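The values are calculated or read from the model by the stated rules, or taken from the named source; none is laboratory data. The structure presented is a predicted model; accordingly, all values stated were derived computationally and were not measured. Every residue, glycine as well, gets a Cβ built from its backbone with ideal geometry; the counts of neighbours run over all protein chains shown.
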Amino acid sequence: MLAAASAAIPAFGRDLDCDIAVIGASFGGVAAALAALRNGYRVILTEETDWIGGQVTSQMVPPDEHQWVEQFGGTRAYRDYRNGVRDFYRRNFPLTEDARAKPYLNPGDGTVSRITHEPRVSLAVLESMLHPYISGGRLRVLLEHKPTAATVDKDRVQSVTVARGNVDRTITAKYFLDGTDQGELLPLTRTEFVTGFEPGELHGPSQAQPNNIQATTWCFALSHHPGEDHTIDKPASYSFWKDYQPKLNPAWPGKLLSWTYSDPITLKPKTLAFDPEKPTPRGVTNLWIYRRIASKANFRPGAYASDICLVNWPQNDYWLDKPMDAKQLSLSLLYWMQTDAGFKGLKLRGDVSGTEDGLAKYPYIRESRRIQAEFTVLEQHVGQEARKGLATAEPFADSVGIGYYRIDLHPSTGGDNYIDIASMPFQIPLGSLIPKRMENLLPACKNLGVTHITNGCYRLHPVEWNIGESAGSLAAFALNKNEPPRKIRNDKTLLKDFQTWIQTQGIEIAWPRP
């Protein structure tokens, strides 16, 4: 386990040096490290929690993906990760013969994804992908290390300090990649960045709203045991959340703790089903199944006492700037389900999240600080309505990846209800990975050059992985050619060489033609 590497860290000393430092082992951060490592460079990967993987592990969110992901529309390394998840279940879990034989095994049979599964499995797979480089001496992983400071000389980062408890370590590197979920290196390195909701797009505001960001969610896992009582202690803020009625524009239909919410697309009231034991009518969304991460039907009788459901729902989206936090909302939702909704058998699964309080190790972060980039992706580049009459998203000559997801914005701290609009299969332009000024700092997560709106379709799992993998590849190519990323983008020969090089490594840069 990578935790052992963390325990051995004192032997490394307090001053560490590498070719490429990836600060933040988010999903994109891990992909960035792997890309740099496979091209022969020495890497230090740091992580604030004790689990690498971000969205799929410490935040507990199973992959949200487009409908073609099994065939195309993701990198080779991303498919290796997905195949690794299925192989891990086949090797280590008591699957039924029918489940074992499925080429596209979906362990949870959740409806949100073709590969809903438990976060510890993603953790094991990602660790296994990194282990050869740890053993080979080219990768050091510093768990439970948070970035706290940086030294900068003009337009170059010289070092980053990370802290674990009272112990600081200083990392020097030729390139620094920000793989944190909130773009934490940007203010530390004085890299220009933006936050919140920008004007200038079809669905944007008339003026900048820098404090208006998407809701976060503190996820948790549940199993259900009829006839048992697993009711938790009443949360401290329960009385607030039980009566809380969102004040959003357009209006939310009632109380937040309810099975009725705003349909993300129409914004009309929509009632969801919740039943851990019985199927629901066709066309009705059963929240129990929606993000189910383990379906007991896929395992031999007796292996699982219950399905396991991951709770990342409208009811525990947190957008308030109040003393009570997102954890209190999630615990209040659970208590409401156990009491008012009558499901006393719902059991909080801290063994699945790896925590004492039963909730995820880290909140699900939908929106980050974002670099002021050489090129910023706007709604008019990827949104269907904004590109009315055009057949495809904007083609980018400097593409270094592809992705597809609806522009999906959850309710925000500025009081906006859902903004959920259609997009087109899009590309990731290299210009969105290059800060306007800084020369050796690159984004490797949701902190690239996108807006509040386009973040809504660039933030999902396969795209975040592609962003990180392309950023790690860019740092490696820049070291190999001894040329800065900015020149690689703006020199036609270097750009073509880079695009050809990443394609040989399994990064798709264009969608197949219809």
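Given the criteria assigned by TED's automatic domain parsing to the domain that holds P187, over 21 Å from Q209 (Cβ atoms) and either small (G, A, S) or at pLDDT below 95 (or both), does G414 qualify? Here the answer is no, as G414 does not meet what is asked.
Only one of these is surrounded by fewer than 24 Cβ atoms within 10 Å (Cβ to Cβ) and either within 27 Å of G54 (Cα to Cα) or among the aromatic types (F, W, Y) (or both): F477, F498. Name it. Explain how you work it out, then say what you get.
Details: F498 fails: surrounded by fewer than 24 Cβ atoms within 10 Å (Cβ to Cβ).
Of the residues listed, the single one that is surrounded by fewer than 24 Cβ atoms within 10 Å (Cβ to Cβ) and either within 27 Å of G54 (Cα to Cα) or among the aromatic types (F, W, Y) (or both) is F477.
I171 passes every criterion in (1) buried (at least 21 other Cβ atoms within 10 Å of the Cβ); (2) within 23 Å of the chain's Cα centre (by Cα); (3) aliphatic (A, V, I, L, M) apart from (2).
Limited to region 237-252, what total is found for residues that are among the basic types (K, R) and loosely packed, with under 14 Cβ neighbours inside 10 Å? It would help to see each step written out before you state the result.
To start, the set of residues in region 237-252 that are among the basic types (K, R) comprises 242, 247.
Filter once more, keeping what is loosely packed, with under 14 Cβ neighbours inside 10 Å: 247.
Going through region 237-252 one residue at a time, the tally reaches 1.
Of all residues in region 126-168, how many are in a helix (DSSP H, G or I) and among the hydrophobic types (A, V, I, L, M, F, W, C)?
Of region 126-168, the ones in a helix (DSSP H, G or I) are 126-135.
After this cut, where a residue has to be among the hydrophobic types (A, V, I, L, M, F, W, C) as well, the list is 126, 129-130, 134.
Residues meeting the conditions: 4.
For region 132-159, residues that are surrounded by 15 or more Cβ atoms within 10 Å (Cβ to Cβ) and under 23 Å from the mean Cα position of the chain (by Cα) total 9.
Here is a yes/no grid of residues against (1) outside the structural domain of V56 (by TED's automatic domain parsing); (2) free of Cβ contacts under 8 Å to residues at least 60 places away in the same chain; (3) over 22 Å from S306 (Cα atoms):
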{"position": "R90", "(1), (2), (3)": "no, yes, no"}
{"position": "D109", "(1), (2), (3)": "no, no, no"}
{"position": "S122", "(1), (2), (3)": "no, no, no"}
{"position": "P132", "(1), (2), (3)": "no, yes, yes"}
{"position": "L142", "(1), (2), (3)": "no, no, yes"}
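Take the conditions (1) within 25 Å of Q380 (Cβ to Cβ); (2) of a type outside the set (F, W, Y); (3) surrounded by 24 or more Cβ atoms within 10 Å (Cβ to Cβ); G468 misses just one of them, which is (1). Listed by first and then second residue, the pairs with beta-carbon distance under 7 Å, at least 6 apart or on different chains, first residue in region 437-453 and touching a residue at least 12 places away in the same chain (Cβ under 8 Å) and under 15 Å from A150 (Cβ atoms), second assigned to a strand (DSSP E or B) and of a type in the set (S, T, Y), are N440/Y175; L442/Y175. State which residue pairs qualify: first residue among the basic types (K, R) and inside region 167-182, second residue surrounded by fewer than 17 Cβ atoms within 10 Å (Cβ to Cβ) and at pLDDT 95 or above in any location, beta carbons under 8 Å apart, and separation of 6 or more residues or different chains. Final answer for the pair search is R169/A163. Please verify whether G383 is surrounded by 22 or more Cβ atoms within 10 Å (Cβ to Cβ) and not hydroxyl-bearing (S, T, Y), treating the condition exactly as stated. The answer is yes for G383. A search for C-beta distances below 7 Å between a residue of region 493-509 that is farther than 12 Å from F477 by Cα and any residue that is of a type in the set (K, R), counting only pairs 6+ apart in sequence or on different chains, returns G506/R76.
In region 376-390 there is no residue that is in the same structural domain as D491 (by TED's automatic domain parsing), among the aliphatic types (A, V, I, L, M), in contact with a His (Cβ under 7 Å, 6 or more places away or on another chain) and at negative phi. Among the residues of region 92-106, those that are part of a helix (DSSP H, G or I) and either touching a residue at least 24 places away in the same chain (Cβ under 8 Å) or of a type outside the set (K, R) (or both) comprise N92, E97, D98, A99, A101.
Conditions tested, residue by residue: (1) touching a Pro at 6+ places or on another chain (Cβ under 6 Å); (2) not aromatic (F, W, Y).
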{"site": "I428", "(1), (2)": "no, yes"}
{"site": "K436", "(1), (2)": "no, yes"}
{"site": "P443", "(1), (2)": "no, yes"}
{"site": "T451", "(1), (2)": "no, yes"}
{"site": "Y458", "(1), (2)": "no, no"}
{"site": "H461", "(1), (2)": "yes, yes"}
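Among the criteria (1) part of a loop (DSSP other than H, G, I, E, B); (2) modelled with pLDDT of 95 or more; (3) among the polar types (S, T, N, Q); (4) closer than 25 Å to D64 by Cβ, the one Q245 does not fulfil is (4).
In a strand (DSSP E or B) and modelled with pLDDT of 95 or more: does that describe D17?
Values: in a strand (DSSP E or B): yes; modelled with pLDDT of 95 or more: yes.
The answer is yes for D17.
When we screen L331, L267, L359 for residues that are in contact with a strand residue (DSSP E or B) (Cβ under 7 Å, 6 or more places away or on another chain) and either farther than 21 Å from T216 by Cβ or not β-branched (V, I, T) (or both), the only hit is L359. Counting the residues of region 12-40 that are crowded, with 24+ Cβ neighbours inside 10 Å and either outside the structural domain of D109 (by TED's automatic domain parsing) or of a type in the set (G, A, S) (or both) gives 11. Is it true that D243 is out of contact with any helix residue (DSSP H, G or I) (no Cβ under 6 Å at 6 or more places or on another chain), free of Cβ contacts under 8 Å to residues at least 60 places away in the same chain and either closer than 20 Å to I213 by Cβ or among the acidic types (D, E) (or both)? For D243, the condition - out of contact with any helix residue (DSSP H, G or I) (no Cβ under 6 Å at 6 or more places or on another chain), free of Cβ contacts under 8 Å to residues at least 60 places away in the same chain and either closer than 20 Å to I213 by Cβ or among the acidic types (D, E) (or both) - is met. Scoring V43 on the criteria (1) under 18 Å from the mean Cα position of the chain (by Cα); (2) crowded, with 23+ Cβ neighbours inside 10 Å leaves a single failure, condition (1).
Could you check, for region 473-482, whether at least one of its residues is under 19 Å from the mean Cα position of the chain (by Cα), assigned by TED's automatic domain parsing to the domain that holds L126 and touching a residue at least 12 places away in the same chain (Cβ under 8 Å)? No, that holds for no residue.
Condition test on Y81, is it in a loop (DSSP other than H, G, I, E, B), crowded, with 19+ Cβ neighbours inside 10 Å and either of a type in the set (G, A, S) or at pLDDT 95 or above (or both)?
Working: in a loop (DSSP other than H, G, I, E, B): no; crowded, with 19+ Cβ neighbours inside 10 Å: yes; either of a type in the set (G, A, S) or at pLDDT 95 or above (or both): yes.
No: the conditions fail for Y81.
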